[in-house]
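Everything below concerns the one structure shown next.
The values are calculated or read from the model by the stated rules, or taken from the named source; none is laboratory data. Everything quoted here is computed from the prediction, not taken from an experiment. Using ideal geometry, Cβ is built from the backbone for each residue, glycine included, and neighbour counts are taken over all protein chains shown. These area figures cover heavy atoms from the full protein model, side chains too; ligands, DNA and RNA do not enter into them. Shrake-Rupley method; radii C 1.70, N 1.55, O 1.52, S 1.80 Å.
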Amino acid sequence: MSADMIIENARVLTMDPSLPRAEAIAVKDGEILAIGERAAVLGLRNGATEMIDARGATVLPGFIESHMHLAWGAMGLGGLDLGGVRGFDALAQKIGDHAKSNPQGAVLRATGADHEILPSGERITRHHLDRIVADRPFAMTAAEGHTMWANTRALEAAGLLHGRDLPPGNEILMGADGLAGGELREWGAFEPVLELSGELRLSLGLITGGEPARPPTDAERAADREMTKRGLAYCASQGITSLHNMDGNLYQLELLAEIEAEGALSVRAQIPFHYKNFMTPDVLERASVMARRYRSEWLSSGMVKAFMDGVLDSWTAYMDEPYADRADWRGEPLFTQKHFNAFAAEADRRGLQIAVHACGDGSVRSILDGYDHARRMNGARDSRHRIEHVEVIRPADIQRLVDLGVIAAMQPQHPPGAMNLPLEPTLSRVGKARWPYAWASRTLREAGARIPFASDWPVSPISPLLGIQAAIRRKPFAAGYPDQSCTLMEALAAYTVEGAYAQFMEHRKGRLKCGYLADIAVLSHDIEGMQTDVLHKAMPTLTICGGRVSYRNNV
Ligand SMILES: [Zn+2]
């Protein structure tokens, strides 16, 4: 038996407690053939074996990114990112240059804009944007993804200039002149702009969970495949070998299957069915169809994603008690308890995994009530239902979450203070009494919760090493408040072992072990020898997924 590939001169962190460290790995037929000391592994070499010299750097199981948005992220790649841009002149310069180098396209687009892009505190209107681009449609989205600003041409072309009836929760801000002012709130409001720019088909999994209204043409499918491939290639360049998408529909799975058939699927992907509050549980048959059709180690479904609330920063997270900075308001859940219980019971009965977005502790409580209801209806099983974000949790729910076997999928990039995020206004909004239970990853882990880490890309940068750096360097909100940081090994586990567990795949991936999938990230540095503030500079030099090189830089 000889190897297809051998990685040597490596500091392998296997994440396997029975053999935590190794010097070399041999790969054959997409799986790990041998791992251990160099001499033993080199015995599997023959003339055709590809030899990789890791140059003493860290080698890890490929990262598992447990909460991200592939299509939404891919749409922002290679486009104009306005992150860090401040002031009208800087904005005008950036957009003007972009317009010159992109004369084509139905809508000129940009992403990553800050709400406070004008330091005067004035909000962006179509009139500001018209002064930059007047002769063609232009639209920019905020980094948080829930707000868009469009110029007059874009509003006109999308049929929004005179306003329009929208589903609840979406809004076109109207100006004093009775026309749309330029700011569009939530995806339902800017859907017509996305339709115009050709981005709608790939956004449907996020916006409505529905399928394209008419079958996309061959050219449209090809464009969407290319966009998806661009997103996958970017993930591979970050050392990611598996992703859990957190929006989805059948169309996204079909595109990925077409990419797989071309031999170009470079990352293993799980795509859920997105259940919205205007649906009824009988539509879950669509999720079951997706689950039955896609269940390989490369492409799978089997999950239902839903949103119970919004985010703390806009007071749309649903809290158990009023916000500390707004005594009359605690947000509203997106589902009634009755609806959520019926949904959870039906999804659980179908053997589907459930993942629900919850930032507020009211939402976390309500979701746990729903999972508990499902268990009482259907009997206990290894369901591994998930709660996404868990930004605030009631103390009484910590043990309940653990006892129900619920996974807390968290993002180390998101707590106030992490990655240079400001502490305010978020901490005043949460209030001191809730600080010990806010982004409480260590508290939850020590109570026994399983916690995969992820970026929520494109909400935060996707780099797992940046996430690991943020997790390790997490500081208490103030003296005397709990330390919610983690060790390097805990952070690595959250990006490998825990992600595999969340997908019922701990027997196949998340560790480097004989017979496991050859999903491997070779880094540029020995990360154990680095200062924690520069960990993100360790970049993958080689990513291997299923024994195939999915990304290579200078090796
Ligand atoms: Zn998300």
Q: Report, to the nearest 10°, how far helix 250-261 tilts away from the longest principal axis of the Cα atoms in the chain, using its own Cα long axis and a range of 0 to 90°.
A: 40
Q. Quick one: helix 337-349 against the long Cα principal axis of the chain, what's the angle to the nearest 10°, folded into 0 to 90?
A. 30
Q | Cα→Cβ-extended label distance, 7 Å offset, between Ala264 and Trp329, nm | A | 4.6
Q | Unsatisfied cross-links (Cα-Cα over 18 Å) in the set Lys28/Lys229; Lys100/Lys229; Lys276/Lys305; Lys28/Lys513 | A | Lys28/Lys229; Lys100/Lys229
Q: Calculate the all-directions average of the projected area of the chain's alpha-carbon convex hull, and give it in nm².
A: 26.2
Q | Calculated FRET efficiency for the pair Val283/Glu171, C-beta based, R₀ 30 Å, to 0.05 | A | 0.70
Q: With a bin width of 5 angstrom, please list the P(r) values of segment 274-431 as percents of all Cα-Cα pairs, from the 0 bin to the one holding the largest distance.
A: 2, 9, 18, 20, 19, 14, 9, 6, 3, 0
Q | Residues Val534 and Ser296, FRET efficiency given R0 of 35 Å [Cβ-Cβ distance, rounded to 0.05] | A | 0.35
Q. Based on the Cβ-Cβ distance of Arg38 and Asp372, what FRET efficiency does E = 1/(1 + (r/R0)^6) give at R0 = 45 Å, to the nearest 0.05?
A. 0.30
**Q.** Degrees, to the nearest 10: 361-378 long Cα axis against longest axis of the chain
**A.** 60
Q) If the chain between Asp483 and His127 were fully stretched, how many nm would it gain, using 0.36 nm times the residue separation less the Cα-Cα distance? A) 123.5 nm
Q) Cα-based Rg (one decimal) and Dmax (whole number) for segment 488-549, in Å? A) 12.7, 35
Q) Once the piece of chain linking Val549 and Gln93 is laid out straight, how much longer is it, given 0.36 nm per residue of separation minus the C-alpha distance between them? A) 160.2 nm
Q. For q = 0.18, 0.20, 0.22 Å⁻¹, what log10 I(q)/I(0) does segment 400-507 give under the Debye formula with an equal point scatterer on each alpha carbon and no solvent?
A. -0.90, -1.09, -1.28
(Q) Let me cross-check Lys94: its accessible surface, 1.4 Å probe, with only protein heavy atoms counted, in Å² to the nearest 10? (A) 90
Q: Take the eigenvalues of the Cα gyration tensor for segment 63-206, scale each by 5, and report the square roots as semi-axes in whole Å, largest first.
A: 21, 19, 15
Q) Given 0.36 nm per residue, what is the gain on full extension from Glu424 to Asp81 after removing their alpha carbon distance, in nm? A) 121.0 nm
Q) At Lys276 and Ala134, where each label point lies 7 Å from the Cα along Cα→Cβ, what is the point-to-point distance in nanometres? A) 3.7
Q) So what does the Cα-only Debye profile of segment 150-198 read at q = 0.16, 0.28, 0.31 Å⁻¹, as log10 I(q)/I(0), no solvent term? A) -0.36, -1.09, -1.30
Q) Ignoring any ligand, DNA or RNA, what whole percent of the accessible area of the chain comes from carbon and sulfur when the probe is 1.4 angstrom? A) 52
Q. What residues of segment 439-458 lie in the reach of a label at Asp403, counting those whose backbone N is under 20 Å from a point 7 Å from the Cα along Cα→Cβ?
A. 443-451
**Q.** Inter-probe distance in nm under a simple model that places probes 7 Å from Cα toward Cβ, at Gln104 and Arg473
**A.** 4.1
Q. Rounded to the nearest whole Å², what accessible area per residue is found for the chain with the 1.4 Å probe?
A. 39
Q: Could you work out the local net charge near Arg11, counting Lys and Arg as +1, Asp and Glu as -1, over the other residues with Cβ closer than 9 Å to its Cβ?
A: -2
Q | Rg to Rh, two decimals, where segment 245-331 supplies the alpha carbon set and Rh follows Kirkwood | A | 1.17
Q) When averaged across all projection directions, what area in nm² does the alpha-carbon convex hull of segment 1-101 cover? A) 11.2
